[in-house]
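One structure is given below, encoded as structure tokens.
All of the numbers you see were taken from the coordinates with simple rules; none came from a lab. Keep in mind it's a predicted model, so treat the numbers as computed, not measured. Because the Cβ atoms are built from the backbone with ideal geometry, glycine has one as well, and the counts that use them run over all protein chains shown.
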């Protein structure tokens, strides 16, 4: 993490959600560069490079769509955000 | 009641005298010039988002519609009303057709709402910018869908600007990818060094050295609210170095610290005023006087403006103001700390002021904030019914949840209001518990005390039963309500009679239903309860047309329309059905132009109100009208739309209406297989006994059997005549008689007897079109038996002999009506004269002429007539 991130800076975030999120949602609503991948019954979107207003809006959007957020971390150094390496995950990675 | 709109919410704020930010204004202008659909100004509080939008709006070359949103606008109806009002400040007619629906408490389907606005804008030939400020307060899915629809289909004439603390739940990435999005974010809005110098050294005249200035910039991270408040703090600080050094932590902490610093430097009267008025979302000097008990609020507001203390003007007249949201929150913290016992009295005074100003919504909200449950209940008891009828169902729901459990037990009045709300929202299962609470409350009191309320409780129960199909229980409860209403409360009598009429309509018992519905309409009108009156009128007109009582339907509908026009009240959504019923009557009377007008009005209103039943009902009649003009493809298109709507959800009673018209169209096209398929899909066979609910389907079977020359037709016709006579369904009887006459056209005495009976029924109600639809065979018979004058004037002249060269030339044959129009064209009649002769509109004549030209490959009348003569068609 940046030693002194401000409220205005764009930061890379990682989100893990329960269930398989629709790829269309990521294309329509996530910042460019976000990659969607699946591990078992979870979806991972990262890096979500945006500022505080962007990430808050995205979290609320997902919440209102009924998604369960399992993990929300800063992308750099967030080991818990990494999905378990598995052939399925590798094969289902989708840059959007 | 009417919706009182605050003009200050839809007036762009005056151009602020803030730091000029030309690069950001230029970015917004560039987005507009490149015809991008959306500008997004997204950043946390205190970054100067509204200031930037207002600065841009003040110098923008395009007209600006502005809407300052607050928490209560997260309600589709309220948002819709304000949104249209904001647009109408620029173009007074924009979205006018949406207002009646919104005022009636209905939110049009977002796609229809957006299409209406965008289509109207497209005709204006100029770009309109719409700014929605504080859009982060909007979470309602319907409003978000409307926003998405506006953006998805926006034309270059519409540009949306969203000012928000967080990204809205709309597909921003897609807009970004399509270069349809201009963004200004926190990183763009934070002050740079040059801007900080302008603010602190030039505007505030602070003698800060470079180090101190850099320290302010570093500590505040260029956050504009922080820089400004730091400047205000430094202005009178005895120790600027210490103050700057102590700036640290989150924005919130910093702001809190600085606010205390700034407040401490204000005169006591100003401090007191700021803190006490912080409970107000927006305010005038009069409201501030009322809340604080002062008389100098106007002067204090002027002082705050001059001191630049985060006051945001809400209009150009200097009437309404609000505090910057962040500042207000911190002032409220101060209020809780300094005057905790004063909070409730301040809200109480605000509540009373708003009630006196006729703003019950704000009055109730402040009473709730004052924790004055008694007053909340009293206000709801006084205004609840009116608010419910005005469509404030979201607010009522919110207040219901805010009231503590057990609160309703003391107010049967509220139990009933919320019960009606549940019923109107289709939450039938939740009505019963409220009824039980009301009845429990009654049980504890002598009956005489609450006679009207007890009667209303029974009326609510009757309406609930009627709605869910418990007919016998509905009739019992409605009659009990009417009997228990000795004081003659007309509003309650109207509600009970409405349930009674609805129940009798379903029974079916035409006579009692009409009597009850007429009483409902009359009582409701006397009580000024427009919604109940119009519901009764809608039931009555539909019932009357269903039973063939055209004159009753027309008289009821016309009186209701005149009443609406006279009272200048918006028609409720159910009124689409009344327009549709009148359209049907006018069609039967062969007044096609007016029929079309009312049918289109019905479809328009029904579509906006998402009232599928009235839309489908009117589309069926419109398809019939279009088919009668010879446009089978047009009729098929209308029916396909109706079928789609039916699939989206509509009551079962409209299904036979659609089926009957689909069969009629297929038969008109000679497509017996499709007609048969439609009928088989209904699951009703021609051999099973007809009932009130299947009469239309059986009538369609009769048409098909006749077309197939099936011998079962005669028996079915006899059966239908018998059932129609028993159930009093004049319309079915009339149609069956005419179809039977067609069946017996080679047995003239029988056909004549049947037709004469049909004529006797038809004359009483003015039926004309039904004879014309039956075609030349019936017209011929009518001429032979000496058609009565009232019908004779509508009969077409005998059709010319069938053209002989059609097949040989491969040309599409003319319909019967087109052949007549062609003959009149050849006689040199004008369109108007043809229209008058055939009793159709000039537009219909034009339509026929266009079709004739197409079929004859002609470009004008001379060519068409010459070609027709060549072909022997004339």
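Details
- P(r) weight above 22 Å for segment B:193-264, C-alpha pairs, percent: 8 percent
- Footprinting exposure proxy for B:128, B:40 (fewest neighbouring C-beta atoms within 10 Å first): B:128, B:40
- Chain B - Rg and Dmax from Cα coordinates, angstrom: 34.4, 115
- Cβ-derived FRET efficiency at R0 41 Å, residue B:655 paired with residue B:34, nearest 0.05: 0.25
- If both residues of a DSSP beta bridge must be in chain B, then about 15% of such bridges are antiparallel.
- Coarse-grained scattering of segment B:642-792 at q = 0.12, 0.18, 0.19 Å⁻¹, given as base-10 log I(q)/I(0) from a Debye sum over alpha-carbon atoms: -0.50, -1.10, -1.21
- Annotation for residue B:239 and residue B:681: the two label points, set 7 Å from Cα along the Cα-Cβ direction, are 8.5 nm apart.
- Taking the fewest neighbouring Cβ atoms within 10 Å as the starting point, the ordered list for B:655, B:681, B:461 is B:681, B:655, B:461.
- For segment B:411-550: rounded, prolate or oblate by the Cα gyration tensor [a/c cutoff 1.5]: prolate
- A quarter of the convex hull surface defined by the alpha-carbon atoms of segment B:259-402 gives 9.1 nm² as the mean projection.
- Difference of contour (0.36 nm per residue) and Cα-Cα distance, residue B:672 to residue B:410: 87.8 nm
- With the cut-off at under 17 Å, measuring from each backbone N in segment B:583-624 to a point 7 Å along the Cα-to-Cβ line of residue B:643 picks out B:616-617, B:619-624.
- The calculated FRET efficiency for residue B:207 paired with residue B:302, based on their beta-carbon distance and R0 = 25 Å, is about 0.35.
- Cα-projected label distance for residue B:593 with residue B:115, points at 7 Å along beta-carbon direction, nm: 2.8 nm
- In chain B, the longest principal axis of the Cα atoms and the axis of helix B:360-369 are about 50 degrees apart.
- Taking only the Cα atoms of segment B:7-189, the ratio Rg/Rh comes out at 0.93, with Rh defined as the Kirkwood radius.
- Angle between chain B longest axis and helix B:655-668 axis [Cα atoms, degrees, rounded to 10]: 50 degrees
- Size check on segment B:608-714: the Cα extents along the three principal axes, sorted descending, read 47, 31, 18 Å.
- Ranked B:556, B:440, B:694, criterion: other C-beta atoms within 10 Å, fewest first: B:440, B:694, B:556
- Additional length obtainable on full extension of the chain from residue B:337 to residue B:371, 0.36 nm per residue less Cα span: 10.4 nm
- Neighbouring partner chain Cβ atoms per residue of B:469-480, average, 10 Å criterion: 0
- Centre-to-centre, using Cα atoms only, segment B:616-663 and segment B:483-531 are separated by 31 Å.
- When every Cα-Cα distance of segment B:122-256 is counted in 10 angstrom steps from zero, the calculated P(r) takes the values 10, 32, 20, 20, 15, 3, 0 percent.
- Fraction of the pair-distance distribution of the protein assembly as shown above 56 Å, Cα-Cα pairs, percent: 29 percent
- Between helix B:861-871 and chain B: long-axis angle, C-alpha atoms, 0 to 90°, nearest 10: 40 degrees
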